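The values are calculated or read from the model by the stated rules, or taken from the named source; none is laboratory data. Not measured: the values here are computed from a predicted model. Every residue, glycine among them, receives a Cβ derived from its backbone with ideal geometry; neighbour counts consider all protein chains shown.
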């Protein structure tokens with residue numbers, strides 16, 4: 001079974017602040033402009049909804065209001081996808097062609113490539129974690145992680161230090177071409193974020 005990443009360039013702090021904001025105007029805009037998308041999600045998860053999971057809009061409202069959330073852990077995925085939807089509306093979607101689809105431990109393999117280049121401040125495997133804002137309940141899928149502006153700045157500095165070391169030694173770390181391509185895509189994400197003060201990256205693995 002394959003997985004995918006959704007990666008967004010956005011103001012991480014402002015996006016997290018939407019959780020519990022009780023912003024009815026935002027809810028109405030989403031329901032009016034993206035009703036078809038909400039309906040498609042409800043159709044896709046119709047079996048779970050029939051078993052008591054919230055609809056896409058109900059989950060979105062709970063996220064924006066900070067609750068209430070279903071007591072059934074099997075329904076928590078809807079709140080993760082609702083937060084994903086908020087990120088898609090407030091951020092810019094970044095090219096994820098090296099990661100969608102992917103199988104197995106690909107994210108960890110790319111992290112090894114990042115580490116080989118001296119980059120330890122960020123991790124693509126972190127997008128599989130459960131770093132949803134409080135008080136959203138835990139869910140395994142979708143996974144969620146973020147790269148803060150500070151972590152991105154540090155990662156880019158680490159990469160530049162490695163480049164200088166390679167230039168001096170003439171020896172680059174041996175990496176498979178597909179890993180190099182994925183690492184370069186990650187660096188592209190970070191450079192986009194660095195160009196916009198205060199912006200970071202939030203990613204979801206599903």
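Before moving on, here are some points about what is shown:
- Qualifying residue in segment 188-206 (condition: modelled with pLDDT under 95, surrounded by fewer than 15 Cβ atoms within 10 Å (Cβ to Cβ) and either within 27 Å of residue 18 (Cα to Cα) or over 15 Å from the mean Cα position of the chain (by Cα) (or both)): yes
- Search result, residues across segment 15-40 that are assigned to a helix (DSSP H, G or I) and either on the phi > 0 side of the Ramachandran plot or touching a strand residue (DSSP E or B) at 6+ places or on another chain (Cβ under 7 Å) (or both): 15
- Yes/no for residue 98 being over 30 Å from residue 67 (Cα atoms), part of a helix (DSSP H, G or I), touching a residue at least 24 places away in the same chain (Cβ under 8 Å) and under 18 Å from the mean Cα position of the chain (by Cα): no
- Against the list (1) surrounded by fewer than 15 Cβ atoms within 10 Å (Cβ to Cβ); (2) under 18 Å from residue 138 (Cα atoms), the condition residue 84 fails is (1).
- Evaluation of residue 60 against (1) under 20 Å from residue 10 (Cβ atoms); (2) buried (at least 18 other Cβ atoms within 10 Å of the Cβ); (3) in contact with a strand residue (DSSP E or B) (Cβ under 8 Å, 6 or more places away or on another chain) (one fails), failing number: (3)
- If only residues of segment 113-125 that are in a helix (DSSP H, G or I) and in contact (Cβ under 8 Å) with a residue 40 or more places away in the chain are counted, the one that is surrounded by the fewest Cβ atoms within 10 Å (Cβ to Cβ) is 116.
- Residue, farthest from residue 27 (Cα to Cα), within segment 43-89, restricted to residues that are touching a helix residue (DSSP H, G or I) at 6+ places or on another chain (Cβ under 6 Å) and part of a loop (DSSP other than H, G, I, E, B): 53
- Of the candidates 16, 22, the single residue that is loosely packed, with under 12 Cβ neighbours inside 10 Å and either in contact with a helix residue (DSSP H, G or I) (Cβ under 7 Å, 6 or more places away or on another chain) or in contact (Cβ under 8 Å) with a residue 12 or more places away in the chain (or both) is 22.
- Just so you know, in segment 69-81 the residues that are buried (at least 19 other Cβ atoms within 10 Å of the Cβ) and free of Cβ contacts under 8 Å to residues at least 60 places away in the same chain include one that is farthest from the chain's Cα centre (by Cα), and it is 75.
- You will find that of 132, 156, the residue that is out of contact with any strand residue (DSSP E or B) (no Cβ under 8 Å at 6 or more places or on another chain) and either in contact (Cβ under 8 Å) with a residue 60 or more places away in the chain or surrounded by 13 or more Cβ atoms within 10 Å (Cβ to Cβ) (or both) is 156 and no other.
- Any hit, segment 166-183, residues being surrounded by 16 or more Cβ atoms within 10 Å (Cβ to Cβ), farther than 22 Å from residue 112 by Cβ and under 22 Å from the mean Cα position of the chain (by Cα): no
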